[in-house]
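Take a look at the structure set out below.
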Amino acid sequence: MGVGKLILEIFGTLTGLLYVWLEIKHRRSMWVVGIVMALCYIAVFGVEGLYASMGLYVYYLGMSLYGWVQWGRQMIPAQTGQIVHPITGVIPGQSEKPKPPEQQQEQQVGQQQEQEPRPVRITQRQAVTAGGLLVTSFFIMWLVLGCLTDHPAPVPDAAIAALNITATWLLTHSVLEQWFLLLVANALAIGLYARTGLWFTTGLYVVFLISSVAGYISWRRKIL
């Protein structure tokens with residue numbers, strides 16, 4: 001399984017790099033790449049005995065499917081909006097004066113920009129939910145790993161998983177502040193995966209750490 005695990009780790013690393021690039025760009029296609037990455041790392045972490053990390057990628061697999069559907073719903077209003085005649089500027093079925101070409105062009109540009117869901121700031125309700133999810137998932141995994149497994153580092157693995165679980169839930173709702181949780185999770189992951197000798201994965205999480213800063217800056221610009 002050594003060679004097979006290495007191949008899966010390398011392929012998972014490559015798909016992870018593509019995933020984080022698409023995430024920074026705020027593209028819906030990242031969820032498809034996330035499915036492939038999740039399948040690779042479920043196998044890799046299972047072999048290494050990092051059960052919380054393995055469980056995290058099982059969660060990623062489900063959330064990638066959910067995220068694809070959720071972001072698709074956010075795109076529907078732009079796709080099913082009213083159609084303006086390209087020449088007259090009149091909405092079919094309504095009597096209205098033709099719009100000047102400049103206004104028609106602005107409207108078309110606005111519709112194109114709305115094709116991808118836009119980032120938003122966290123609401124009070126989302127913050128409370130995220131906080132509860134973070135604390136609950138951490139303690140559950142910590143207890144399970146510490147009492148029922150021979151895990152070499154239950155606390156950091158549980159913390160990494162809990163932070164990522166919460167961040168991914170926020171990501172499905174395009175919440176800007178998910179990048180803060182990812183910044184902490186990626187820093188912890190670098191130390192854990194380096195200690196277990198998963199060097200390609202360690203390198204991937206170094207990129208993830210840098211991308212957390214770049215992603216926050218990129219998303220924040222889209223909000224302002």
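With the checklist (1) surrounded by 23 or more Cβ atoms within 10 Å (Cβ to Cβ); (2) within 25 Å of residue 143 (Cα to Cα) in hand, flag the one item residue 201 doesn't pass.
Every condition holds for residue 201 apart from (2).
Against the condition of a type in the set (A, V, I, L, M, F, W, C), touching an Asp or Glu at 6+ places or on another chain (Cβ under 9 Å) and under 19 Å from residue 71 (Cβ atoms), how does residue 37 come out, does it pass? Before you say what the answer is, go through the steps one by one.
Working: of a type in the set (A, V, I, L, M, F, W, C): yes; touching an Asp or Glu at 6+ places or on another chain (Cβ under 9 Å): no; under 19 Å from residue 71 (Cβ atoms): yes.
So residue 37 fails the test.
Taking into account only those residues within the stretch 26-63 that are among the charged types (D, E, K, R) and within 11 Å of the chain's Cα centre (by Cα), which is surrounded by the most Cβ atoms within 10 Å (Cβ to Cβ)? Please lay out each step first, then the result.
Within the stretch 26-63, the first condition is being among the charged types (D, E, K, R), and the residues that meet it are 27-28, 48.
When the remaining residues are screened for being within 11 Å of the chain's Cα centre (by Cα), the result is 27-28.
Details: 27: 14, 28: 17.
Out of the qualifying residues, it is 28.
Output yes when any residue across the stretch 189-208 is free of Cβ contacts under 8 Å to residues at least 12 places away in the same chain and part of a loop (DSSP other than H, G, I, E, B), and no when none is. Spell out how you get there, then give the answer.
From the stretch 189-208, those free of Cβ contacts under 8 Å to residues at least 12 places away in the same chain are 194, 197, 199; that's our starting set.
Within this subset, residues satisfying the condition of being part of a loop (DSSP other than H, G, I, E, B) are 197.
Within the stretch 189-208, one or more residues are free of Cβ contacts under 8 Å to residues at least 12 places away in the same chain and part of a loop (DSSP other than H, G, I, E, B).
Under 7 Å between Cβ atoms, which residue pairs at least 6 apart in sequence (or on different chains) link something in the stretch 1-13 that is closer than 8 Å to residue 44 by Cα with a partner that is at pLDDT below 90 and among the β-branched types (Val, Ile, Thr)?
Once the first residue is closer than 8 Å to residue 44 by Cα and sits in the stretch 1-13, its partners that are at pLDDT below 90 and among the β-branched types (Val, Ile, Thr) give 5/44; 5/47; 8/44; 9/44; 9/201.
Being closer than 23 Å to residue 134 by Cα and either in contact with a Phe, Trp or Tyr (Cβ under 6 Å, 6 or more places away or on another chain) or polar (S, T, N, Q) (or both) narrows it down to one of 171, 176, 209, so name that one. Talk me through it step by step, then tell me what you get.
Numbers: 171 fails: either in contact with a Phe, Trp or Tyr (Cβ under 6 Å, 6 or more places away or on another chain) or polar (S, T, N, Q) (or both); 209 fails: either in contact with a Phe, Trp or Tyr (Cβ under 6 Å, 6 or more places away or on another chain) or polar (S, T, N, Q) (or both).
Sole residue among the options that is closer than 23 Å to residue 134 by Cα and either in contact with a Phe, Trp or Tyr (Cβ under 6 Å, 6 or more places away or on another chain) or polar (S, T, N, Q) (or both): 176.
Only one of 179, 219 is more than 17 Å from residue 59 (Cβ to Cβ), buried (at least 17 other Cβ atoms within 10 Å of the Cβ), in contact with a Leu (Cβ under 6 Å, 6 or more places away or on another chain) and in contact (Cβ under 8 Å) with a residue 12 or more places away in the chain; which?
Details: 179 fails: in contact with a Leu (Cβ under 6 Å, 6 or more places away or on another chain).
Exactly one residue qualifies, and that residue is 219.
The values are calculated or read from the model by the stated rules, or taken from the named source; none is laboratory data. Predicted model only: the values in this text are computed from it and were never measured. In this analysis, Cβ positions are derived from the backbone assuming ideal geometry, glycine residues included, and neighbour counts consider all displayed protein chains.
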